[in-house]
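Engineer: The structure under discussion is supplied below as structure tokens; questions concerning it will follow.
All of the numbers you see were taken from the coordinates with simple rules; none came from a lab. Quick caveat, the model's predicted, so the values are computed rather than measured. Cβ atoms come from the backbone with ideal geometry, glycine included; neighbour counts cover every protein chain shown.
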Amino acid sequence: MLLSYLFISLTLLLIPGHSKPEIHNGYNLTLAVPVEYTMGFIGRAYLMDDTIETIPSFRASLSVEAFNGKYSCSFQVFLGNVKVWNSGHYSKFYTSNVCVLELNNDGDLRLKGPNDRVGWRTGTSGQGVERLQLLRTGNLVLVDGLDRIKWQSFNFPTDVMLWGQRLSVASRLTSFPSNSSSYYSMEIEHGKIALYLNTGKKNYSYWEFKPSKNRNIAFIQLGLKGLEIYNDKGKKIAQINPPEETIQPLRFMALGNQTGNLRLYFYSPSLENFDASFQALNTTCDLPLACKPYGICTLSSACSCIQVLTAENETSTGSTTSCIEEIPSDGFCGRGKAEMLELENVTSVLRAGGDRKMVNVTKEECSKLCLEDCKCASALYINEECFLYIMVIGVKQVERTSGLSYMVKVPKGLSHGSHGKSNVKKWVLILVGVVDGVIILAVFVGLGYYLIRKRKRHSLPNGHNN
């Protein structure tokens with residue numbers, strides 16, 4: 001293990017000294033992979049930079065990283081210390097012993113493991129490719145002798161869109177939260193740009209931007225001051241701008257892999273780091289995974305749970321409540337009868353996509369639609385529109401709103417006690433109210449303490465403390 005680590009450390013020290021803006025056919029770079037697994041291990045060799053004296057600059061690297069008990073091998077592009085492109089974004093190439101980057105004599109760029117096993121390739125054999133270049137925009141390109149591009153990383157977006165990069169309709173950015181089977185996507189459609197939470201074969205939007213006058217989108221491009229939106233004639237029809245104009249130009253747009261928020265970033269010389277000048281969602285409770293499944297994001301941005309009263313827990317002196325646990329992914333299929341628990345002043349930030357939205361229905365019909373679908377876990381009813389979900393996620397508390405009803409499917413009888421269904425609603429609201437009340441009380445106590453201390457301090461000579 002020690003020998004393997006030292007080998008990679010030496011490689012990392014030697015390679016940057018020989019970095020260059022392009023590599024030619026016949027190039028080969030090898031990194032050793034540790035024999036034993038070490039959590040958090042990263043071995044990285046930088047082989048190209050954009051050679052422009054700007055801060056931060058682009059660099060390309062071959063990387064070996066520890067992930068879920070194995071080692072992945074990937075080709076990556078960095079802007080400063082931010083990873084802006086990764087060959088293993090969608091499918092990781094796991095290897096042992098060695099991680100090899102090769103631009104063979106036939107013009108195919110490959111990642112290989114032991115015994116020449118190919119784990120990733122550009123598929124450009126026989127196209128006249130002569131070299132790989134890293135452009136000033138951060139775009140990796142394979143070009144022929146006439147500098148014609150045969151392959152480029154800009155055509156394979158990950159979770160980042162760089163300045164100058166163009167994405168057409170049907171393109172998307174994707175990001176993958178850790179420890180979750182769901183993933184986020186930013187998708188470009190003819191009528192809108194939308195953020196989606198994807199789970200299984202279902203997707204649910206949680207933010208969208210539509211050009212005015214129902215104008216169609218052909219492509220988008222990240223400009224210096226905002227995200228520019230164009231029609232099929234190349235005319236700019238809309239632009240998403242930061243709320244306040246910054247002196248520094250935008251460098252990239254990213255879809256966060258933990259929050260699913262979409263942000264525009266510029267480089268701040270004073271901070272010596274990137275800072276966001278725009279984000280699509282500005283409050284915690286508007287994020288799709290702000291709370292765990294079956295959790296409620298309250299008005300104070302705290303997470304609560306959905307509590308119910310059960311007959312077994314009732315006593316002569318009062319009633320006991322318990323949180324609803326997460327229902328298995330196959331829902332109520334083959335698990336007995338169910339009923340809908342209606343929560344007042346609660347909604348979901350998710351909107352159903354595809355066939356999961358019904359219009360011109362009543363609340364009772366909406367509830368029935370979910371009950372008849374064994375995989376349906378919850379339903380949202382808003383002004384004759386019904387949204388069905390296969391999970392209980394993205395739930396948040398709202399101010400009193402008419403025409404709104406959020407319903408959760410629970411095992412039949414779970415919500416019944418001697419006090420009936422109305423007490424279930426009351427308990428849920430009490431639970432949420434208690435959480436908010438504690439937080440608000442703490443804020444007022446802290447504020448009162450601060451004002452008393454401030455008054456005492458001002459009463460001392462020269463305003464000094466004791």
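Engineer: Please go through the residue pairs Lys150/Lys235; Lys236/Lys357; Lys70/Lys112; Lys292/Lys396; Lys92/Lys150; Lys192/Lys233 and name each one whose alpha carbons sit more than 20 Å apart in this structure. Display every interim value, and only then the final one.
Structural biologist: Numbers: Lys150/Lys235 27 Å; Lys236/Lys357 32 Å; Lys70/Lys112 16 Å; Lys292/Lys396 12 Å; Lys92/Lys150 24 Å; Lys192/Lys233 17 Å.
Pairs exceeding 20 Å: Lys150/Lys235; Lys236/Lys357; Lys92/Lys150.
Engineer: Still on this structure, please answer the following. Work out, step by step, the length gained on full extension between Leu404 and Cys323: first 0.36 nm times the residue separation, then minus their alpha carbon distance; give nm to one decimal.
Structural biologist: Values: separation 81, 0.36 × 81 = 29.16 nm, distance 2.31 nm.
That pair, Leu404 and Cys323, stretches by 26.9 nm at full extension.
Engineer: Follow-up question, since we're still on this one. Test of understanding: extend the Cα→C-beta vector of Glu36 to 7 Å, then name every residue of segment 83-106 with backbone N under 20 Å from that spot.
Structural biologist: The answer is 95-98.
Engineer: How long is the gain from Thr137 to Val169 if the chain were fully straight, where each residue apart is worth 0.36 nm and the alpha carbon distance is subtracted?
Structural biologist: Residue separation times 0.36 nm, minus the Cα-Cα distance, leaves 9.4 nm.
Engineer: Where does each of Lys225, Lys112 land when they are ranked from fewest to most other beta-carbon atoms within 10 angstrom?
Structural biologist: Details: Lys225 16, Lys112 22.
So the residues, fewest neighbours to most, are Lys225, Lys112.
Engineer: If I model a spin label as a point 7 Å beyond the Cα along the Cα-Cβ vector, how far apart are those points for Asn105 and Ile55 in nm?
Structural biologist: Distance between label points: 4.5 nm.
Engineer: Hey, another quick one. If you add up the charges near Pro293, with Lys and Arg at +1 and Asp and Glu at -1, over every other residue whose beta carbon is less than 10 angstrom from its beta carbon, what do you get?
Structural biologist: Around Pro293, the surrounding residues sum to -1.
Engineer: Where in segment 274-306 does the amide nitrogen come within less than 16 Å of the point 7 Å from the Cα of Ser181, taken along Cα to Cβ?
Structural biologist: The answer is 293-294.
Engineer: In which sequence would Leu250, Leu271 go, from the one with the fewest C-beta neighbours within 10 Å to the one with the most?
Structural biologist: The most exposed by this proxy come first: Leu271, Leu250.
Engineer: Now, a different point. In a shell of Cβ-Cβ distance under 9 Å around Ser125, excluding Ser125 itself, what net charge do Lys and Arg (+1) and Asp and Glu (-1) give? Working shown, then result.
Structural biologist: Numbers: positive: Arg121; negative: Asp106, Asp108.
Residues near Ser125 contribute -1 overall.
Engineer: Follow-up question, since we're still on this one. Normalising by the residue count of segment 1-156, find the relative contact order in percent from Cα pairs under 8 Å and 6+ residues apart. Numbers along the way, then the final one.
Structural biologist: Numbers: 360 pairs, mean separation 30.3, N = 156.
Result for segment 1-156 is 19 percent.
Engineer: Size of the dipole of segment 1-156 about the Cα centre, Lys and Arg at +1 and Asp and Glu at -1 on the beta carbon, nothing else charged, in debye to 20?
Structural biologist: 320
Engineer: Among Thr174, Thr298, what is the fewest-to-most ranking by other Cβ atoms within 10 Å?
Structural biologist: Thr174, Thr298
Engineer: Label Leu369 and Lys201 with points 7 Å out from Cα along Cα→Cβ: what is the distance between them in nm?
Structural biologist: Rounded to a tenth, the inter-label distance reads 1.9 nm.
Engineer: Next question. Using the Cα centre of segment 1-156 as origin and beta-carbon charges of +1 (Lys, Arg) and -1 (Asp, Glu), tell me which of Gly26, Leu140, Cys73 is placed farthest towards the positive end of the dipole.
Structural biologist: Going by the Cα projections, it comes out as Cys73.
Engineer: To continue, here is another question. Quick one: compute the contact order of segment 158-282, relative version, from alpha carbon pairs under 8 angstrom and 6+ residues apart, as a percent. Walk me through the intermediate numbers first.
Structural biologist: On the way: 291 pairs, mean separation 27.4, N = 125.
Rounded, it is 22 percent for segment 158-282.
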